[in-house]
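The values are calculated or read from the model by the stated rules, or taken from the named source; none is laboratory data. Bear in mind that the values here come from a model prediction, so they are computed numbers and not experimental data. Cβ atoms come from the backbone with ideal geometry, glycine included; neighbour counts cover every protein chain shown. We work out accessible area using only protein heavy atoms, side chains counted, and drop any ligands, DNA or RNA first. Shrake-Rupley method; radii C 1.70, N 1.55, O 1.52, S 1.80 Å.
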Amino acid sequence: MKSPLLSLPGAVPAEGRDEGVAAHYGDLFREQRALAEGNGFVDLSHRGVVAVSGDDRLSWLHLLVTQHMTELPPGQATEALILSANGHIEHALYLVDDGETVWAHVEPGTREELLAYLESMKFFYRVEVADRTEDFAVVHLPAGSIAEVPEGVVVRETPHGRDLFLPRADLESFAASHGPAAGILAYEALRVEAHRPRLGFETDHRTIPHEVGLIGSAVHLQKGCYRGQETVARVQNLGKPPRRLVFLHLDGSEVLLPAHGTPLRLASDGEEGRQLGFVTTAVRHHELGPIALALVKRNVPVDAPLVAGTTAAAQETVVEP
C-alpha cells in the first residue's frame with residue numbers, strides 16, 4: 001500500500017520489500033540521529049496488520065505460535081514465529097493484546113499467506129481473524145520518545161520504541177503533529193545496530209530460530225506443542241545450529257554497500273575462497289559507518305577477518321558458535 005506520507009517534502013520512495021513508504025526524507029543521518037535521540041517517527045504503513053478476536057484468541061494462538069500466549073496480559077508486547085514442520089521460520093508476528101483483540105503487524109507481502117494459514121486452523125475455536133491493513137497503519141515512535149499517543153490507539157511498547165496501530169485515515173494529521181518523519185533506512189540502520197533480525201532479510205527458506213538469536217525473545221522453551229517444536233527442542237538440547245548471525249563492521253572506503261546475499265569468505269582466501277556465509281542487511285550508520293548483519297557457518301572462527309565480495313569485514317558475535 002502506498003503511503004500518503006510520500007507526499008512530504010524530500011520524500012524518496014523505498015524500493016524492494018519496503019516499497020510503499022519513504023526510504024528517507026532527504027537527510028539519512030539527520031533522521032537516524034533524531035530517532036536515536038527519541039525524536040520523530042517512522043512510517044511503517046506498508047506492513048500488514050492482522051487482528052484476532054474472540055474468547056479463545058490467546059489459547060488458540062498458543063497452539064500455533066512459538067510464544068507463550070495463554071497468560072499474555074493486556075498491553076504487554078511480545079513477538080512470535082510460525083514454523084514449518086521442519087522448524088524453519090515461515091512468519092514473524094509482532095503482537096499486543098488490548099483485552100479484546102490481539103493485534104499483530106507482519107512483514108510486507110506475508111499477510112495473505114499468514115491469513116490463509118490462520119483461517120485453516122480455526123476449527124471449532126471461538127476466534128475471528130481479520131485483515132485490518134486497509135484500516136490501520138503501523139507507525140513507530142523511537143525509544144525515549146515523549147510524543148503523545150492519540151486517544152484510543154493500540155500501542156505495542158518495546159525497549160526499542162512504540163509501535164502504534166493508527167487509523168490509516170489519521171496518518172497525515174499524525175505526521176503534521178509528530179514530526180520530523182524518518183525514513184525506513186534510518187529505522188533499518190538502528191535495527192542492524194541493535195542486532196535485530198528481520199524476516200526475509202536475516203532469514204531464508206531454511207533458517208531456524210537458533211541461528212538468528214530468537215530463542216527467548218520470540219520462542220518460549222517452556223510451553224506445549226506447536227508445529228516445528230521438535231526441531232527447536234532437538235537443537236536446544238542436543239546440538240548447535242548450522243549457521244549463526246554475526247554483526248559486521250565494513251570497510252568505510254568502499255562506495256557501495258554489499259547487497260543482500262553477497263558471499264562472505266575468509267579475507268586470507270580472497271575472492272576465490274570458499275563461501276562461508278552471506279550478507280543479510282548492510283546499512284550506513286550515523287556513528288558506526290557502514291555496518292551489516294550476516295549469516296555464517298557455525299564453525300567460522302569468531303575473530304577471523306572476512307570479505308563481503310571485495311569489502312573487508314570485521315565480525316562481532318551475535319549468536320555464539
Using only Cα atoms, what is the ratio of the radius of gyration of the range 186-235 to 2.2 N^0.38 Å? 1.30
Starting from the amide H of Glu79, placed 1.01 Å from N in the peptide plane, find each other amide H under 5 Å away whose residue is 5 or more places distant or on another chain. Leu95
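Just the number please: accessible area per residue for the chain, 1.4 Å probe, all protein chains included, in Å².
About 45 Å² of surface per residue is accessible.
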Estimated vicinal HN-Hα couplings, Hz - the range 11-20 in sequence order (Karplus 6.51, -1.76, 1.60; Gly, Pro = x): 5, 10, x, 6, 10, x, 4, 9, 4, x
Whole-percent carbon and sulfur contribution to the accessible surface of the chain (1.4 Å, no ligands, DNA or RNA) stands at 50 percent
Name the residue, out of Val153, Val138, Val65, whose mean-square fluctuation peaks in a Gaussian network model built on the chain with Cα pairs under 10 Å. Val153
Tell me the Kirkwood radius of the range 1-46: reciprocal of the mean inverse pair distance over distinct alpha-carbon atoms, in Å. 10.9 Å
For the range 114-232, what class follows from the C-alpha gyration tensor (a ≥ b ≥ c being the square roots of its eigenvalues): rounded when a/c is under 1.5, otherwise prolate if a/b is larger than b/c, else oblate? oblate
Where Rh denotes the Kirkwood radius from the mean inverse Cα pair distance, what is Rg over Rh for the range 238-321? 0.96
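Report, in deg cm²/dmol and to the nearest 500, the calculated mean residue ellipticity at 222 nm for the chain, where each DSSP H run with n ≥ 4 adds -39500 (n - 2.57) and the sum is divided by the residue count.
Helix-only estimate at 222 nm: -5000 deg cm²/dmol.
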Yeah, the chain with a ≥ b ≥ c from its alpha-carbon gyration tensor (a/c under 1.5 is rounded, else prolate when a/b outruns b/c, oblate otherwise) is oblate
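Given R₀ = 35 Å, what would the calculated FRET efficiency be for Leu221 paired with Met1, taking r from the Cβ atoms and rounding to 0.05?
The formula returns an efficiency of 0.45 here.
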May I ask you to evaluate 6.51 cos²θ - 1.76 cosθ + 1.60, the Karplus curve with θ = phi - 60°, for each residue of the range 290-306 and list the ³J(HN,Hα) values in order in whole Hz, giving x for glycine and proline? x, 9, 7, 10, 7, 10, 10, 4, 4, 8, 5, x, 5, 9, 6, x, 10
When the Karplus curve 6.51 cos²θ - 1.76 cosθ + 1.60 is applied with θ = phi - 60°, which whole-Hz ³J(HN,Hα) does each residue of the range 32-38 get, with x for Gly and Pro? 4, 4, 4, 4, 4, 8, x
Probe 1.4 Å, all protein chains present, accessible-area order of Thr110, Thr66, largest first: Thr110, Thr66
The summed charge of the Glu79 Cβ neighbourhood (under 11 Å; Lys/Arg +1, Asp/Glu -1) stands at +1
Stick to the Cα atoms of the range 7-113, pair each with every other, and give me the Kirkwood hydrodynamic radius in Å at one decimal. 16.0 Å
For His68, enumerate residues with amide H under 5 Å from its amide H, sequence gap 5+ or separate chain, H modeled in the peptide plane. His220
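Given R₀ = 45 Å, what would the calculated FRET efficiency be for Gln275 paired with Val153, taking r from the Cβ atoms and rounding to 0.05?
That pair, Gln275 with Val153, gives E of 0.45.
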Straight-line reach check, Lys297, cutoff 28 Å on alpha carbons, 8 or more apart in-chain or any other chain, hits among lysines -> Lys240
How much of the DSSP bridge set in the chain is antiparallel, in percent, rounded to the nearest 5? 95 percent
Add +1 for every Lys or Arg and -1 for every Asp or Glu among the other residues with Cβ under 15 Å from the Cβ of Glu90, and state the total. -3
Comparing Leu250, Leu276, Leu166 in a Gaussian network model of the chain (Cα, 10 Å), the one with the largest mean-square fluctuation is Leu276
Taking the Cα centre of each part, how many Å lie between the range 178-248 and the range 108-129? 22 Å
